[in-house]
Structures are given as structure tokens and as C-alpha cells.
1. Report in % the part of the accessible area of chain B that belongs to carbon and sulfur, leaving out ligands and nucleic acids; probe 1.4 Å.
2. If we count every other residue with Cβ under 12 angstrom of B:I6's Cβ, Lys/Arg +1 and Asp/Glu -1, where does the sum land?
3. Among A:K484/A:K574; A:K12/B:K8; A:K504/A:K573; A:K90/A:K184; A:K224/A:K381; A:K19/A:K184, which pairs are too far apart, with a Cα-Cα distance over 28 Å?
4. From the helices alone, meaning DSSP H stretches of at least four residues, give me the mean residue ellipticity at 222 nm for chain B, per-run term -39500 (n - 2.57), in deg cm²/dmol to the nearest 500.
5. Which loop-located trypsin sites (Lys or Arg not before Pro) does the stretch A:220-300 contain, where loop means any DSSP state but H, G, I, E or B and the Cβ has at most 16 other Cβ atoms within 10 Å?
6. With a cut-off of at most 16 other beta carbons within 10 Å, and DSSP calling the residue loop, which chymotrypsin sites (Phe, Trp or Tyr not before Pro) in the stretch A:235-340 qualify? Please list them.
7. Taking 8 Å as the Cα distance limit and 6 or more residues as the minimum spacing, I'd like the relative contact order of chain A as a percentage.
8. Going by the alpha-carbon gyration tensor, a ≥ b ≥ c the square roots of its eigenvalues, is the stretch A:226-371 rounded (a/c under 1.5) or, if a/c is not under 1.5, prolate (a/b greater than b/c) versus oblate?
Amino acid sequence: MKDFSTLKKNLKKDFSNLKKIKVAVLGDTATQFLVQAIRGEGFEEGFDLEIWEADFNQIERQVLDHTSELYEFNPQIVVIFQSSHKLLGKYNKQKPEKQNQFALGELEQIKDLTSNITGALEAKLIYYNYTEIDDAVFGNFANKTPGSFLFQLRKLNYELMCLASENPNIYLCDISSVQNRLGKVDFFKPSIYINTEMVLNIDALPAVASATVRLISALQGKIKKCVILDLDNTLWGGVIGDDGLENIQIGSLGIGKAFTEFQYWIKKLKNRGVIVAVCSKNTESVAKEPFEKHPDMVLRLDDISVFIANWENKADNIRQIQSILNIGFDSMVFLDDNPFERNIVRENIPEICVPELPEDPADYLEYLYSLNLFETVSYSKEDADRTKLYQIEAQRVSNQKKYTNVDDFLKSLDMYSLVEPFNKFNTPRVAQLTQRSNQFNLRTIRYTEADIERISASGEHHSFTFTLEDKFGDNGLICVVILKQESSDVLFVDTWLMSCRVLKRGMENFVLNILVDFALEMGFSTLKGEYLPTAKNAMVKDHYADLGFEEEDDSWILNVYEYKRRRNYIKPKKELQWTEVKY
Amino acid sequence: MDRSEILKVINDIFIETLDNEEIELSEDSQASDVEDWDSLSHIQLVVEVEKHFKIRFTSKEIQSWGNVGGMIDSVVAKL
């Protein structure tokens with residue numbers, strides 16, 4: 001991690017090519033250094049964070065007065081930092097008989113702030129939780145004394161998690177965990193606090209800034225989606241090809257424990273929806289043996305989406321994994337104990353994240369925890385099924401080889417799509433797709449669940465979701481379209497995105513047929529599309545041209561009366577009711 | 001370490017922290033003589049000086065300094 005001086009020097013660098021994001025920072029202690037650290041850390045992550053900083057201790061005034069500078073600034077992100085020291089100050093003034101209720105009283109005030117912000121701004125709110133202060137008034141007994149400060153602080157942190165889990169626009173930045181990691185001695189320096197009203201030590205600023213910027217970055221859709229694993233001395237101790245199945249180290253004894261715990265961690269990531277791939281220099285059958293036969297292995301073959309074991313160069317193998325998964329290199333993490341392999345991969349594929357694993361496997365986990373690589377801002381049931389989806393995709397690829405004619409292949413898939421408007425069941429998945437999809441995404445507008453709910457309720461939007469299932473399995477909800485009424489004749493395609501795992505199935509044709517049917521039914525004459533280029537969506541550069549739209553200024557226009565239905569082999573799963581789509 | 005050596009070390013810390021190669025401190029230098037030496041960067045300077053000499057200043061000491069010489073007094077007293 002960069003130190004504060006380095007982050008501060010970043011402020012003088014050229015931000016002109018970086019993505020601009022407007023961030024408001026409000027604190028009840030002095031936040032000047034924190035703001036500098038966040039902007040400097042933003043530079044490291046490729047963002048030009050345009051930060052507006054509220055004057056010291058102005059949180060309530062700025063938030064409750066809707067004509068304040070905060071609302072005028074109209075930020076995309078609002079960061080609120082209320083410190084544990086101010087919290088303790090308030091607690092100290094409570095009458096003893098009211099101390100039991102302290103956390104709930106504070107929670108009400110926080111809710112008042114958050115609801116004002118999320119109600120009036122289309123911003124995501126990042127709230128810092130409370131770092132622990134044990135005032136040692138009760139000693140350990142504080143843990144069984146509801147009125148103690150420690151009890152109330154921890155309760156408030158718990159209540160904040162509940163609040164955030166219920167409110168899609170509120171995110172917690174867990175600086176309490178940051179303090180645990182750094183240690184309070186390094187996190188908080190009494191002399192700085194007493195002399196300056198700053199509660200963060202200079203040496204703690206980079207870690208807090210990093211935690212904040214990671215969250216902002218995830219909100220922009222920059223997340224890690226896949227972890228690629230080496231095997232020998234990464235997933236187990238020893239070399240399977242030399243030592244044999246009985247002698248590799250895994251299980252509860254000695255260093256084997258480190259590898260077992262590491263595997264449990266990978267398994268949890270997989271269950272959360274991170275794709276797990278293997279890339280190993282080994283003979284494939286030998287490399288697979290522990291997964292199939294070793295009783296102490298936590299990971300099994302069905303946890304692995306892509307398994308590559310051969311004697312080729314790892315960079316080439318990772319390129320192959322990338323082409324199967326169809327995700328960006330910058331969303332991949334490569335874990336390998338061998339510094340030589342790490343360097344080859346780093347040099348050939350600079351975008352990929354290659355952590356410098358410690359030499360001692362006992363240190364792997366704590367080191368990986370400290371990197372916090374897998375920040376995310378959403379989690380849905382589909383995440384848990386992702387491994388299976390990619391495995392099915394691998395099957396489909398091998399099946400396709402049997403057909404020489406694409407049409408025959410597509411017909412053989414027996415595809416069905418369920419078309420529905422946004423509803424309360426699909427809202428989390430829709431929001432997630434808008435956050436995650438980078439490649440097949442015409443305008444790359446990110447929406448939260450709250451945004452999606454607003455669009456559903458709006459009279460001028462029409463929403464469409466598409467699933468795709470075939471004889472191999474169900475891909476789930478894979479495509480989202482939002483149409484906005486631009487005039488009585490024109491429907492503007494605000495969003496059209498699709499998961500890359502269903503490319504080349506004729507889905508685009510099926511979707512456009514549905515959109516045109518809708519337009520005709522509702523009396524619109526024109527569909528108007530727009531392509532906003534990003535670093536990642538060149539794939540759909542010619543999307544509208546390919547579908548027969550005509551270019552007009554910076555838009556693409558389709559006259560629905562002259563539209564010829566486009567060929568595809570997907571059948572609607574049930575008859576579409578336009579009244580469902582129309583709100 | 002004598003006062004002039006300490007001054008040189010402190011000078012280097014100022015150059016690094018304030019990112020300004022031209023800083024040339026004397027014992028009489030005050031905040032108003034040095035560009036960017038404000039109340040905020042002062043905290044950073046104090047922390048860097050503490051780290052370098054592996055010492056801790058008390059709040060009272062920090063508030064008592066009228067110039068760089070005052071800071072050196074405190075360093076000398078702790079070495």
C-alpha cells in the first residue's frame with residue numbers, strides 16, 4: 001500500500017484521462033487529510049474523484065437542509081464519517097438510565113440522515129462504521145452490560161449492518177475491520193486527535209482511503225469475477241506428479257492445515273459466485289487425481305469451471321481460460337506460489353491481478369484477506385449457480401462441434417425464453433446485470449435496485465427481461481432492455497445489455513422482434529438506439545447497424561413499420577401480455 | 001548528533017514531505033517563511049520527524065515551538 005506522502009504527490013499528477021466521479025465527504029471530525037488520501041488513492045485506481053468536502057462538523061446542516069451545498073453539488077457518492085470519538089462524547093453526556101437505549105437513539109438519527117440523502121439524491125451512500133473504543137469502565141464485564149459504551153457501540157455497528165442490508169443505496173465502509181487489521185496504536189494517535197480534531201493517524205489514512213475507493217470502484221462495476229489457481233504448493237503442499245496422491249500435504253496435520261483452510265476460502269468465494277479456474281503445469285489426469293480421490297480435498301472437480309493442466313506457457317493458458325469465460329483480464333486474479341510463473345503472467349497480461357503470495361503457505365490466507373480483492377456491491381442467487389452455468393457452457397461448446405451448420409445446431413438446442421417486465425423477483429438480478437455487464441452493453445448505465453424500482457414505477461419507461469433455457473440447462477435472466485418514451489412516436493433504447501455467455505444464439509434477433517411487436521402494439525413508429533463506447537464494449541459497436549437500424553446524427557433509427565422479422569430459433573416460454581409490460 | 005546535523009535531517013524531511021526541493025531551513029525559519037507549511041502539513045511534518053528520530057513529542061512541546069530551532073530543542077532533549 002502506498003503511504004500518505006505518495007498519495008498526496010498523486011494530487012499533482014494528470015487526472016485528465018481518468019473517469020470523473022463526484023464524491024461528497026462529510027465528517028464530524030477534520031477530514032482534510034482523508035479527502036487528500038481518497039483523491040490520491042482514486043488516482044491509483046484510475047479515477048478522477050471530484051471531491052466536495054463539507055465544512056467541519058456540518059453533517060446535519062448539510063443533509064437536512066435540501067438547499068445546502070451538498071444538494072447543489074449533486075454527488076454520485078456521499079461518504080459520511082461520524083467518528084467513534086464523537087460517539088463516545090455523546091454517550092458521556094447521557095444519563096446512566098438512558099445508556100441502554102443509546103445505540104437505538106443514534107440509529108434513528110443516522111436513519112434520518114440516510115433517508116434524506118437517498119430520498120433527494122440519486123447518490124450511493126457510503127457510511128463508515130465505528131471503530132472500537134473500550135473505555136474500560138467495566139472491563140470485560142462491559143460485554144454483559146447492555147449500558148456499557150462497548151456494548152452500545154457494537155450494537156450500533158450491528159444495527160448499521162441491518163440497515164444497510166435492507167437499503168440498496170446504503171453501503172458500509174468497514175473501518176472497524178481496518179483498525180483491527182492495523183492495530184489501534186497505528187490507527188489512532190491521541191496527540192494528533194487532541195491537537196487537530198483528526199481521528200485518523202497519518203499512517204492509517206491510506207488503508208481507510210483504500211477501503212473507501214475499493215467500494216467506489218466496485219460501485220462502478222470494477223470487480224473481480226474469477227480466480228485462477230495453480231495446484232502444486234498453492235492448493236496443496238508438495239508436487240502431485242513427484243510425490244503422488246498419498247504424499248501431498250492437505251488435511252488437518254501440520255502445513256496441510258494451511259492448504260485446507262485456503263481451499264475452504266476458495267470454496268466460499270465459489271459459493272458467492274466467483275468463478276474458479278485451474279491453470280497448472282501438469283499432466284491433466286495426474287492433476288485431477290486429488291480432486292477425484294483425495295479424501296481431504298475441499299475443492300472437487302465440480303467446483304472448477306475451467307480446468308487446464310498441460311505443459312504449455314501459463315500466459316497462453318490463461319488467455320484460453322479468458323476466451324472460454326468471456327470476461328476481462330482485469331476481472332481475474334491469478335494465484336501461484338512460484339514467482340517465476342507470476343512474473344511471466346504479469347509481463348504478458350498486465351491487466352490481470354497477480355498477488356505476491358508469501359513464501360510460507362501459512363501466511364497465504366492472512367495476506368489475501370489484507371488485499372481485499374473481492375469487493376462487491378451485490379449478491380444474488382444466480383451468483384451461487386454461476387459455476388454450473390460455465391460448466392454447461394463448456395459442454396455446449398463440445399456439442400457444437402458435432403454440427404457443421406449453425407442453424408442446425410441452434411435448432412437442436414431447443415431454446416425457450418421467458419419475457420417479463422421488471423418485478424420484485426427479478427429486480428436484484430436486473431440491477432446486478434447493469435452493474436456487471438461491460439462487453440455487451442450499449443450504453444453502460446449502471447443502476448441500483450432502488451433505481452430499478454424507480455424505473456418500474458415510472459410511467460414513461462418500459463422494461464423487458466429475458467431468460468434463456470435450452471436442453472442443457474437454464475441460463476437464467478440474461479438480457480435486459482429499458483425503453484424510454486421520447487415522444488409519442490419514438491421509443492429510446494435507454495439500456496440494452498446481455499450476458500456474454502449467450503452470445504451467438506440469435507438472442508439479439510429474438511429481442512428485437514419482441515421490441516418491435518411491442519412498439520407496434522403500443523402505436524410507436526420508431527425505435528431509437530445509441531452506442532456509447534467504453535474501453536470494453538467494442539463488441540457491440542456495430543450492433544444497431546447489424547440489426548438494420550440506420551444512422552442519423554449520433555443515433556440509430558429503426559422504422560418499425562418497415563421491419564422484417566429477424567430469424568431465430570428461440571420460442572417464447574409463454575404468450576406475452578403487453579399489459580404486463582406497460583405500466 | 002549536533003544541532004546542525006539535526007537541522008539538515010529536518011530540512012530533508014521538509015523537502016520530502018512538502019515535495020519542494022528548494023526548501024532551505026535555518027533555526028529561525030517559521031511557518032510563514034516556507035511555502036505550503038500550514039497547520040495541516042505541520043501535523044504531517046511532526047509525524048515524519050517523530051518517525052525518523054523514533055521519538056514522541058508531547059502536545060505541549062508541539063504548541064511551544066516558535067520556529068525550527070524550537071523543534072530542534074525538543075529533538076535534542078529526547079535523543
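1. On the way: 2060 of 4450 Å².
Carbon and sulfur together cover 46 percent of it.
2. -2
3. A:K19/A:K184
4. Dividing the helical sum by the residues of chain B leaves -19000 deg cm²/dmol.
5. For trypsin sites (Lys or Arg not before Pro) across the stretch A:220-300 that sit outside H, G, I, E and B with at most 16 neighbouring Cβ atoms in 10 Å, the list reads A:R300.
6. The qualifying sites are A:W311.
7. Values: 970 pairs, mean separation 54.4, N = 583.
Relative contact order of chain A: 9 percent.
8. Details: a/c = 1.45, a/b = 1.30, b/c = 1.11.
Rounded, since a/c falls under 1.5.
The values are calculated or read from the model by the stated rules, or taken from the named source; none is laboratory data. Note that the structure is predicted; figures quoted are calculated from it, not measured. We place every Cβ from the backbone using ideal geometry, glycine too, and count neighbours over all the protein chains shown. Just so you know, the surface numbers come from the protein's heavy atoms only, side chains and all, with ligands and any DNA or RNA stripped out. Shrake-Rupley method; radii C 1.70, N 1.55, O 1.52, S 1.80 Å.
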